[in-house]
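Undergrad: Let me begin by handing over the structure; questions about it come next.
Coordinate-derived values only; no laboratory data. Every value quoted in this text rests on a predicted model; they were computed, and no experiment measured them. Heads up, the Cβs are rebuilt from the backbone with ideal geometry, glycines too, and the neighbour counts pull from every protein chain shown.
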Amino acid sequence: EAQVTQNPRYLITVTGKKLTVTCSQNMNHEYMSWYRQDPGLGLRQIYYSMNVEVTDKGDVPEGYKVSRKEKRNFPLILESPSPNQTSLYFCASSYRGLNYPQHFGDGTRLSIL
Amino acid sequence: EDKVVQSPLSLVVHEGDTVTLNCSYEVTNFRSLLWYKQEKKAPTFLFMLTSSGIEKKSGRLSSILDKKELFSILNITATQTGDSAVYLCAVEARDAGNMLTFGGGTRLMVKP
């Protein structure tokens, strides 16, 4: 089944403790992206990647890192999480850029205490 | 700064009603507008619009874009309880690289 898989689905952690949210897609898509969704603010793009080893900042990249060493994986890294990064995070992928619809993962709810 | 505004913020209707959701945008060098439906989890793709005046249709859902007045509408006819969701509009601008700007969404509740 074609899908975007995020892990973990839920995480409660403390300020400053490094964490990684994994994202994997099995559709051989070139484009992958991370969003955060906050009440009243909609979905905001954190980072995106057009292909392997190519990543670019989105609207709200501060406090996040990403890597794209393989086509299928696009992990989101929070080196030193802070409470303002408490949010619902979505990973998405598309065949090739935004001319193609994005497929979203089921989301990861992060709470940083 | 690119801006996408959706209205209404929320809407409650009864089954069988027809609803119209609005999305207006201000972007430089518009490329495309997308509609997504978000139920409990992941947004799912509905439509991508690039040309003015051409209606896209999928079952009871349809959407149209007006590039002169900078807005799009999403129509749902004969609504069902399964249409209850948050509907998201997003715009891609040529100058924004490969990024989407999302609106805040419209929450639709369809009562039996």
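Undergrad: Can you find even one residue in the stretch A:63-70 that is crowded, with 20+ Cβ neighbours inside 10 Å and among the hydroxyl-bearing types (Ser, Thr, Tyr)?
TA: The answer is yes; a qualifying residue exists.
Undergrad: Using beta carbons and a limit of 7 Å, which pairs, at least six apart or on different chains, have the first residue in the stretch A:94-112 and closer than 17 Å to A:Val52 by Cα and the second one of a type in the set (Asp, Glu) and surrounded by fewer than 19 Cβ atoms within 10 Å (Cβ to Cβ)?
TA: Close Cβ pairs (under 7 Å, with a partner that is of a type in the set (Asp, Glu) and surrounded by fewer than 19 Cβ atoms within 10 Å (Cβ to Cβ)) amount to A:Tyr95/A:Glu30; A:Arg96/A:Glu30.
Undergrad: Then there's this: Scan the stretch B:66-84 and give yes if some residue there is assigned to a loop (DSSP other than H, G, I, E, B), more than 9 Å from chain A (Cβ to nearest Cβ) and of a type in the set (Gly, Ala, Ser), otherwise no.
TA: So the first thing to find is which residues in the stretch B:66-84 are assigned to a loop (DSSP other than H, G, I, E, B), and the list is B:67-70, B:77-80, B:84.
Narrowing the set further to residues that are more than 9 Å from chain A (Cβ to nearest Cβ) leaves B:67-70, B:77-80, B:84.
Now drop any that are not of a type in the set (Gly, Ala, Ser), which leaves B:78, B:84.
Taking every residue of the stretch B:66-84 in turn, at least one turns out to be assigned to a loop (DSSP other than H, G, I, E, B), more than 9 Å from chain A (Cβ to nearest Cβ) and of a type in the set (Gly, Ala, Ser).
Undergrad: I would also like to ask the following. For the stretch B:8-16, does any single residue satisfy the condition of being assigned to a strand (DSSP E or B), surrounded by 15 or more Cβ atoms within 10 Å (Cβ to Cβ) and not hydrophobic (A, V, I, L, M, F, W, C)?
TA: Going through the stretch B:8-16, the residues assigned to a strand (DSSP E or B) turn out to be B:10-14.
Okay, now just the ones that are also surrounded by 15 or more Cβ atoms within 10 Å (Cβ to Cβ), so B:11, B:13.
Subset that is not hydrophobic (A, V, I, L, M, F, W, C): none.
No, because not a single residue in the stretch B:8-16 is assigned to a strand (DSSP E or B), surrounded by 15 or more Cβ atoms within 10 Å (Cβ to Cβ) and not hydrophobic (A, V, I, L, M, F, W, C).
Undergrad: Can you confirm whether the stretch B:48-56 contains a residue that is among the small types (Gly, Ala, Ser) and under 26 Å from A:Arg9 (Cβ atoms)?
TA: No, the stretch B:48-56 contains no residue that is among the small types (Gly, Ala, Ser) and under 26 Å from A:Arg9 (Cβ atoms).
Undergrad: Out of all the residues in the stretch B:87-108, is one or more crowded, with 19+ Cβ neighbours inside 10 Å, more than 30 Å from A:Tyr47 (Cβ to Cβ), more than 13 Å from chain A (Cβ to nearest Cβ) and touching a residue at least 60 places away in the same chain (Cβ under 8 Å)?
TA: Yes - at least one qualifying residue is present in the stretch B:87-108.
Undergrad: Among the residues of the stretch B:47-59, are any part of a strand (DSSP E or B), of a type in the set (S, T, N, Q), in contact with a His (Cβ under 9 Å, 6 or more places away or on another chain) and within 14 Å of chain A (Cβ to nearest Cβ)?
TA: Within the stretch B:47-59, the subset part of a strand (DSSP E or B) is B:47-49, B:56-58.
When the remaining residues are screened for being of a type in the set (S, T, N, Q), the result is B:58.
Within this subset, residues satisfying the condition of being in contact with a His (Cβ under 9 Å, 6 or more places away or on another chain) are none.
Within the stretch B:47-59, none of the residues are part of a strand (DSSP E or B), of a type in the set (S, T, N, Q), in contact with a His (Cβ under 9 Å, 6 or more places away or on another chain) and within 14 Å of chain A (Cβ to nearest Cβ).
Undergrad: Would you check which residues across the stretch A:24-43 are in contact with a Ser or Thr (Cβ under 7 Å, 6 or more places away or on another chain) and more than 12 Å from chain B (Cβ to nearest Cβ) and list them?
TA: Hits for the stretch A:24-43 are A:Ser24, A:Gln25, A:Met27, A:His29.
Undergrad: Next question. Taking the stretch B:1-29 as the search range and keeping residues that are hydroxyl-bearing (Ser, Thr, Tyr) and over 20 Å from A:Asp59 (Cα atoms), which one is farthest from the other protein chains (Cβ to nearest Cβ)? Walk me through how you get there before you give the answer.
TA: The initial filter retains those residues of the stretch B:1-29 that are hydroxyl-bearing (Ser, Thr, Tyr), namely B:7, B:10, B:18, B:20, B:24-25, B:28.
If we keep only those that are over 20 Å from A:Asp59 (Cα atoms) too, we end up with B:7, B:10, B:18, B:20.
On the way: B:Ser7: 13, B:Ser10: 12, B:Thr18: 25, B:Thr20: 20 Å.
Selected residue: B:Thr18.
Undergrad: Let me ask another. Taking A:Glu79 as meeting all but one of (1) away from chain B (no Cβ under 14 Å); (2) within 13 Å of the chain's Cα centre (by Cα); (3) surrounded by fewer than 19 Cβ atoms within 10 Å (Cβ to Cβ), write down the number of the exception.
TA: It is condition (2) that A:Glu79 fails.
Undergrad: Continuing with this model, one more query. Out of B:Ser32, B:Ser62, B:Ser24, which single residue is part of a strand (DSSP E or B), of a type in the set (S, T, N, Q) and free of Cβ contacts under 8 Å to residues at least 40 places away in the same chain? Please lay out each step first, then the result.
TA: Details: B:Ser32 fails: free of Cβ contacts under 8 Å to residues at least 40 places away in the same chain; B:Ser24 fails: free of Cβ contacts under 8 Å to residues at least 40 places away in the same chain.
B:Ser62 is the lone residue from the list that is part of a strand (DSSP E or B), of a type in the set (S, T, N, Q) and free of Cβ contacts under 8 Å to residues at least 40 places away in the same chain.
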